[in-house]
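The values are calculated or read from the model by the stated rules, or taken from the named source; none is laboratory data. Please read all numbers here as calculations on a predicted model, not as lab measurements. Here the Cβ is made from the backbone with ideal geometry for all residues, glycine too, and neighbour counts use every protein chain on show. Areas reflect the complete protein model, heavy atoms only, side chains present, ligands, DNA and RNA absent. Shrake-Rupley method; radii C 1.70, N 1.55, O 1.52, S 1.80 Å.
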Amino acid sequence: MTFRTRFAPSPTGPLHLGHAYSAILAHDMARAAGGDFLLRIEDIDRTRARPEWEELIYEDLRWLGLGWDGPVMRQSQRLDSYCETLDALWARDLLYPCTCNRRDIAEAASAPQEGAPMLGPDGIVYPGTCRRKPRPPGQTAPRPSGALRLDMGQAALAKGVYTPRIGTKGIASFEETGTGEHIRHGRIEFTPDEVSHEIGDVVIARRDMGTSYHLAVVLDDAAQGITDVVRGADLFEATRIHVILQRLLGLPTPRYHHHRLIRDQNGKRLAKRDDARAIRKYREEGHSPEDIRRMVGLPQA
Ligand code: GLU
């Protein structure tokens, strides 16, 4: 199978050195393997995505010398596909509506019987308050009444999600080719109990978006035929959610390569609004793409 990867920025601010590292690494891995490097604009957050940031992404990538293969995928044009999938999951009783806000969740999670609140990839692990309420009838997912959560307990019972293994309630896994802090390398296995405890019922459709990062990324990676996902280590823990969704939806699981994060001089991860390290700024100051490669510790093209 040809190596095929993607760079998937959100047009909610300027690309900075952290994005440049991710894009160059993915691009170079694809070129070294004789494979494809695709581009996807993750613009489902309509309140924050801006056309001018999208334009700047194209400019910055061209300037960096990172040509992409095939048409650009834009998530804002794929909402029908996300909706159809939500309906299919709803019809299988795998989703439930949730009306809790952050405060409700924090309060319920810190109730004495819950023990110390657990932090998962999306914040406090949801204590399941709305899971216990009666679900509205109907074959299609209710919207836009609130968020929809994935019932991880139900997902564990669905055929093909976990592979039986003696002494466990089943195992799911993915292959990780990255190395570094917070990344485990090799075949990463996990059980339904770990998922319930460490991740919980994640939001799969936000009220304001009609989808979520998790659902969109899984459907889009499959639609783009991605064999190798190259992205930051901050998404390593969320990969288990993506694998469960892939199994539920009968989609292939790509290989994953989570890479180190670029940090500022205080060791803090670069944020979107970190204009001081925006690629555009380096461009305007007369730096070259080779300088950027040097700054993030990557070999020259
Ligand atoms: N859109 C995400 C970001 O900008 C990337 C997600 C991914 O690569 O899976 O952080």
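Quick look at the numbers
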| quantity | calculated |
| --- | --- |
| Gain on full stretching of the segment that runs from residue 175 to residue 139 - 0.36 nm per residue minus C-alpha separation | 9.4 nm |
| Backbone HN-Hα couplings from phi across the stretch 254-259 [Karplus 6.51/-1.76/1.60, Hz, Gly and Pro as x] | x, 7, 10, 10, 8, 10 |
| Cα-based helix-to-principal-axis angle, 79-91 vs the chain, degrees rounded to 10 | 20 degrees |
| Square roots of five times the Cα gyration tensor eigenvalues for the stretch 206-263, Å | 19, 16, 10 |
| Accessible area per residue in Å² at 1.4 Å probe, computed on the chain | 49 Å² |
| Highest-MSF residue in the chain out of 55, 284, 237 [GNM, Cα springs under 10 Å] | 284 |
| Structure-based [θ]222 nm, the chain - -39500 (n - 2.57) summed over DSSP H runs of at least 4, per residue, nearest 500 | -9500 deg cm²/dmol |
| Isolated Cys residues of the chain, judged by Cβ distance under 4.7 Å to other cysteines | 83, 100 |
| Total lysine pairs under 26 Å (Cα atoms) in the chain, excluding pairs fewer than 8 apart on one chain | 5 |
| Probe 1.4 Å - accessible area at residue 182, Å² to nearest ten | 140 Å² |
| Linear extension gain, residue 287 paired with residue 129, 0.36 nm per residue minus alpha-carbon span | 51.6 nm |
| Per residue convex hull volume, Cα atoms of the stretch 53-158, in Å³ | 184 Å³ |
| Residue 268-residue 55 FRET efficiency (beta carbon distance; Förster radius 35 Å; 0.05 resolution) | 0.80 |
| Full-stretch length increase - residue 184, residue 87 - with 0.36 nm per residue and alpha-carbon distance subtracted | 31.5 nm |
| Among 123, 286, 200, residue whose mean-square fluctuation peaks in a GNM of the chain (springs only between Cα atoms under 10 Å) | 286 |
| Ordering of 39-52, 128-141, 215-228 by packing [mean C-beta count within 10 Å, highest first] | 215-228, 39-52, 128-141 |
| Ranked by how many other beta carbons lie within 10 Å on average, peptides 1-8, 291-298, 159-166 from highest | 1-8, 291-298, 159-166 |
